[in-house]
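To start, the structure under review is shown below, and the notes come after it.
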Number of protein chains: 2
Amino acid sequence: MPHESCTFCQIINRELPASIIHEDEKVIVIVDLYPVNEGHLLIIPKVHNSEMRAVNSETLQHAMQLAQQMNVALRKSNIPCDGVNLFVADGEAAGQEIFHFHLHVFPRFIGDGFGFRYDRARHFKKSQRIRMDEIAAELKIKLKL
Amino acid sequence: MPHESCTFCQIINRELPASIIHEDEKVIVIVDLYPVNEGHLLIIPKVHNSEMRAVNSETLQHAMQLAQQMNVALRKSNIPCDGVNLFVADGEAAGQEIFHFHLHVFPRFIGDGFGFRYDRARHFKKSQRIRMDEIAAELKIKLKL
C-alpha cells in the first residue's frame, strides 16, 4: 500500500523527481540525493514496507542480485570507486531515516574520510567463546520459531 | 577453492573454532568474535571469493534471505535489539578486513553509541540534479555491459 507522505512512494509514483538507474516490476534503483560519496545508490522495493521483516523474500533476493550488478557497474564507471559498501538501516535505532525499506550501495575510495564512529570500550571487543556459544544456541532456536 | 590462510575457510573446514547458528550447502552463519554489539552475526558463503562480484548470485540471494530471517530471530531473542544493520565491506577501501566475502548482520539499540564517522564538508551533501542525472545515465550504460 503506497503511503501518501512517503518520499520513496512519491518517487515510485513519479510525484517527486529522481535520477533512475533501473526499474522493474519489483524495485527501483535511484541516485541518493545526500550521498556518502558520488555514485551512492538506493535499491528500493516498490511495495511500501517500513520494516525489513515485511519485505517479500523474492524482492529482497532480487535487490541483492541488483546490488551485485550495481557494484560491478560502479567499478566500471568513471566515478571514484576502489571499494563498495552495502548497508541497510532497519529501524530508527539502526539509523533508518526514511521508513520505506531500502538497500544502500555506495562507492568508497582511499582517503574518502568515511567510516564508523565507535567506542573501543564498547564496540569491537573480543568476545568470550562461552558467551558466543550461548548467543548461537539462542538464535538457533529463535530461527526455527 | 579454499585458501589455507583464510580465517573463514578454516572455520568452514572446522580448523578454527566458531559459534555456528546455521549451516547449509551454500553458507555458514556464525557469531562475530569482535562484535559491534552482542548478537553480531556473519553470513559467509562456503566457496572462497574475496570480492562480491565473484560470489555466485544464487548464494548471494540465499544470504540475503537468511539475513532477513536472522534479523527476525535477533528481534525475538533476549539480546538488546531495537534495530538491525546489514553491512558489506567489499574491498580494502570499503573497510574489508577478511578477504572472503561476508555479510554482517548486527543488532542496534538506542544509546549504543555506534554510528558513522563522516565529514559534513564531504559527505551527505545535497547533490545537484544535473549531476545525479549524469551519474544515472552512466551507470545505466555500465549496467548493461
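Every number here is computed from the coordinates shown, using simple stated rules; none is lab data. Since this is a predicted model, take the numbers as computed values, not measurements. Every residue, glycine as well, gets a Cβ built from its backbone with ideal geometry; the counts of neighbours run over all protein chains shown.
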| note | Going through region B:74-84 in order, the residues found to be touching a residue at least 40 places away in the same chain (Cβ under 8 Å) and either hydrophobic (A, V, I, L, M, F, W, C) or closer than 22 Å to A:F106 by Cβ (or both) are B:I79, B:C81
| field | Complete set of residues in region B:82-100 that are surrounded by fewer than 23 Cβ atoms within 10 Å (Cβ to Cβ) and over 27 Å from B:E4 (Cα atoms) | value | B:D82
| request: Output the number of the condition that B:N49 fails; it satisfies all remaining conditions of (1) part of a loop (DSSP other than H, G, I, E, B); (2) among the polar types (S, T, N, Q); (3) within 7 Å of chain A (Cβ to nearest Cβ). | output: (3)
| request: Kindly provide the set of residues from region B:89-103 that are free of Cβ contacts under 8 Å to residues at least 60 places away in the same chain and more than 8 Å from every other protein chain (Cβ to nearest Cβ), ordered by number. | output: B:E97, B:F101
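For region B:56-77, which positions are in a loop (DSSP other than H, G, I, E, B) and facing chain A (nearest Cβ under 7 Å)?
First, the residues of region B:56-77 that are in a loop (DSSP other than H, G, I, E, B): B:56, B:77.
Scanning region B:56-77 gives a single hit, B:S77.
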| Can you name every residue in region A:83-120 that is part of a loop (DSSP other than H, G, I, E, B) and over 15 Å from the mean Cα position of the chain (by Cα)? | A:F109, A:I110, A:G111, A:D112, A:G113, A:F114, A:Y118, A:D119, A:R120
| field | Filtered residues of region B:44-65 (kept if within 12 Å of the chain's Cα centre (by Cα) and within 17 Å of A:A63 (Cα to Cα)) | value | B:M52, B:L60, B:A63, B:M64
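In this structure, does B:H22 turn out to be under 21 Å from A:V84 (Cα atoms), in contact with a helix residue (DSSP H, G or I) (Cβ under 9 Å, 6 or more places away or on another chain) and not aliphatic (A, V, I, L, M)?
No; evaluated as a whole, the condition is false for this residue.
Quick grid of which residues meet (1) among the basic types (K, R); (2) within 24 Å of B:N85 (Cα to Cα); (3) in contact with a strand residue (DSSP E or B) (Cβ under 7 Å, 6 or more places away or on another chain); (4) assigned to a strand (DSSP E or B):
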{"position": "B:H3", "(1), (2), (3), (4)": "no, no, no, no"}
{"position": "B:F8", "(1), (2), (3), (4)": "no, yes, yes, no"}
{"position": "B:V36", "(1), (2), (3), (4)": "no, yes, yes, no"}
{"position": "B:G39", "(1), (2), (3), (4)": "no, yes, yes, no"}
{"position": "B:I43", "(1), (2), (3), (4)": "no, yes, yes, yes"}
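When you check A:A18 against the structure, is it within 22 Å of B:L103 (Cα to Cα) and either of a type in the set (A, V, I, L, M, F, W, C) or touching a residue at least 60 places away in the same chain (Cβ under 8 Å) (or both), yes or no?
Numbers: within 22 Å of B:L103 (Cα to Cα): no; either of a type in the set (A, V, I, L, M, F, W, C) or touching a residue at least 60 places away in the same chain (Cβ under 8 Å) (or both): yes.
In short, no.
Only residues that are over 30 Å from A:Y118 (Cα atoms) and within 7 Å of chain A (Cβ to nearest Cβ): list them for region B:112-145, please.
Within region B:112-145, the first condition is being over 30 Å from A:Y118 (Cα atoms), and the residues that meet it are B:128-145.
The answer is B:R129, B:M132, B:D133, B:I135, B:A136, B:E138, B:L139, B:K140, B:K142, B:L143, B:L145.
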